[in-house]
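This report refers to the structure that appears directly beneath it.
The values are calculated or read from the model by the stated rules, or taken from the named source; none is laboratory data. Everything quoted here is computed from the prediction, not taken from an experiment. Quick reminder, even Gly has a Cβ in these numbers, built from the backbone with ideal geometry, and neighbours come from all protein chains shown.
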Amino acid sequence: MFRELYYTFVEFLRTFGALQLFFLRLLSHSPYIIVRRFGLVVHQVHNAGALSLVIIMVCGLFVGGVLGLQGYSNLSKFNAEDAVGAVAALGLIKELGPVITALLFSGRAGTALASEIGLMKATDQLSAMEMMAISPMQRVLVPRFLGGVISMPLLAAVFTVVGLFGAHLVGVTLLGVDAGAFWAQMQNAVEPGDVYEGIIKSTVFGVVASLLAVWEGYNAIPTAEGVGRATTRTVVITAISILILDFMITAISI
Amino acid sequence: MQQTRAVEFGTGLFVLLGLAALFFLTTQTTGNNAFSSGETYEVQAYFENVGSLKNRAPVSMSGVTIGRVTAVEFDPVSLEARVTFVIEQKYDQIPDDTDAAILTSGLLGSQYIGLQAGGSETYLEDGSEIDLPFTQSAIVLENLISKYLFSAGGEDDDE
């Protein structure tokens, strides 16, 4: 039994190390792709970002709206309904914006990346590229990775702003909080550091979510079942990593 | 070709929207640019104890915010806290014997500087100082409690 545990541990370390090396390889190829083949990256920004916009905006609207509702119903116990803007803004900017966007991003774009790359591998397209002396790393993996990294902070920002308008819609338009107090309290409470914290978080989450999606797809077992499993693992591992990282970044920045 | 153009258009729109959202977040949700535009003049006030007064705390007069705290330091010469704050230039007729007190907004709110106008004919100007008889320190809860406890104890001793 200890032997098995030991092998599991060694295997985990090996996978973890391989992931780091894979990340370094992606990074080392990135400058070349950015300078020479930016069109590929633009295409992936479209796939990962522009096509995720609808789900991000709809979810943002409702998350902001629910913050407005909850904030209002709890704050009105202390006669502090005006603070609903501050509560919603701090929650959205620091936590919900980056985290929920990352989870949605992993579900909407990460799975697409993983299954696409996995299927390319299963149908020997990656091998075919290598036969033609085209590096799949450069042609397939790096643009997808970079596309995700660029899209994620932008998506998180859109999510947060739409969420704020959702909170405004519920708090001010439906429940009758004063619009001036709503924004003034928000501007008093939110400091530039909070916004930077949100941007840093969403950037880190973008790197992690894209890296894991590309990695899982590239290492999928090249069968129908393997691709399916890779897709599932992408979501599960990304969700766990993001929530742990979120805790760590928050702990550092407080 | 047509499809590439559509992709490029969608991507451009998305990036533009994202950048606009970032711009909105950095400028509209934070209150850091409230006093960056107008002309201001700088005043220094010395306090025995500033409590938890922070940078960018409001300076208010009759409840209206007329300025911001820009620095809270310890002055090693006078052994007091030196608070530097700016007041908007349009409020340039504040008497120079004005009182400055560190107050708390609400029961658990943040601290701010409240100015109480004096009767002098000369006005505060850039580089003016408000010194100790005209400043009132922050009320520290622990000091209040200990004062109360010790005075109660003293009465007991007397009896």
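Would you pick out the residues in the stretch A:161-191 that are in a helix (DSSP H, G or I), within 14 Å of A:A86 (Cα to Cα) and within 11 Å of another protein chain (Cβ to nearest Cβ)?
A:V161, A:G163, A:L164, A:F165, A:W183, A:A184, A:Q185, A:M186, A:Q187, A:N188, A:A189 - these are the residues of the stretch A:161-191 that are in a helix (DSSP H, G or I), within 14 Å of A:A86 (Cα to Cα) and within 11 Å of another protein chain (Cβ to nearest Cβ).
Take the residues in the stretch A:229-254 that are touching a residue at least 24 places away in the same chain (Cβ under 8 Å) and more than 17 Å from the chain's Cα centre (by Cα), then tell me which one is farthest from A:V204 (Cα to Cα).
Here the answer is A:A230.
Could we say that B:E8 is surrounded by fewer than 18 Cβ atoms within 10 Å (Cβ to Cβ) and away from chain A (no Cβ under 14 Å) here? Working first, answer last.
Working: surrounded by fewer than 18 Cβ atoms within 10 Å (Cβ to Cβ): yes; away from chain A (no Cβ under 14 Å): no.
The answer is no for B:E8.
Listed here are the residues, each with its yes/no results for (1) more than 13 Å from chain B (Cβ to nearest Cβ); (2) surrounded by 13 or more Cβ atoms within 10 Å (Cβ to Cβ); (3) at negative phi; (4) modelled with pLDDT of 90 or more.
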{"residue": "A:V45", "(1), (2), (3), (4)": "no, yes, yes, yes"}
{"residue": "A:G49", "(1), (2), (3), (4)": "no, yes, yes, no"}
{"residue": "A:L53", "(1), (2), (3), (4)": "no, yes, yes, yes"}
{"residue": "A:N79", "(1), (2), (3), (4)": "no, no, no, no"}
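Would it be correct to say that A:G85 is within 14 Å of another protein chain (Cβ to nearest Cβ), small (G, A, S), in a helix (DSSP H, G or I) and in contact (Cβ under 8 Å) with a residue 24 or more places away in the chain?
So A:G85 fits the description; yes.
Go through the stretch A:2-28 and report how many residues are within 25 Å of A:S106 (Cα to Cα) and either of a type in the set (F, W, Y) or touching a Ser or Thr at 6+ places or on another chain (Cβ under 8 Å) (or both).
4
Tell me, please, whether a residue that is within 16 Å of A:A50 (Cα to Cα), under 22 Å from the mean Cα position of the chain (by Cα) and in contact (Cβ under 8 Å) with a residue 40 or more places away in the chain can be found in the stretch A:126-141.
no
Looking at (1) within 14 Å of chain A (Cβ to nearest Cβ); (2) at pLDDT 80 or above; (3) in contact with a strand residue (DSSP E or B) (Cβ under 9 Å, 6 or more places away or on another chain), can you tell me which one B:N55 breaks?
(2)
Among the residues of the stretch B:69-78, are any part of a loop (DSSP other than H, G, I, E, B) and of a type in the set (A, V, I, L, M, F, W, C)?
yes
What is the one condition in (1) within 13 Å of chain B (Cβ to nearest Cβ); (2) over 14 Å from A:L90 (Cα atoms); (3) touching an Asp or Glu at 6+ places or on another chain (Cβ under 6 Å) that A:I200 does not satisfy?
All conditions are met except number (3).
Suppose the filter is surrounded by fewer than 16 Cβ atoms within 10 Å (Cβ to Cβ) and either out of contact with any Pro (no Cβ under 8 Å at 6 or more places or on another chain) or at pLDDT 80 or above (or both); does B:A71 pass it?
Numbers: surrounded by fewer than 16 Cβ atoms within 10 Å (Cβ to Cβ): yes; either out of contact with any Pro (no Cβ under 8 Å at 6 or more places or on another chain) or at pLDDT 80 or above (or both): yes.
So B:A71 passes the test.
Given the residues A:A128, A:A133, which is the only one that is assigned to a loop (DSSP other than H, G, I, E, B), away from chain B (no Cβ under 14 Å) and farther than 16 Å from A:L96 by Cβ?
A:A133
Residue under question is A:L175, and the condition is that it be in contact with a Phe, Trp or Tyr (Cβ under 7 Å, 6 or more places away or on another chain), aliphatic (A, V, I, L, M), in contact (Cβ under 8 Å) with a residue 12 or more places away in the chain and farther than 17 Å from B:V15 by Cβ; does it hold?
In short, yes.
For the stretch B:23-43, does any single residue satisfy the condition of being at positive phi and either modelled with pLDDT of 85 or more or more than 14 Å from chain A (Cβ to nearest Cβ) (or both)?
No; the residues of the stretch B:23-43 include none that is at positive phi and either modelled with pLDDT of 85 or more or more than 14 Å from chain A (Cβ to nearest Cβ) (or both).
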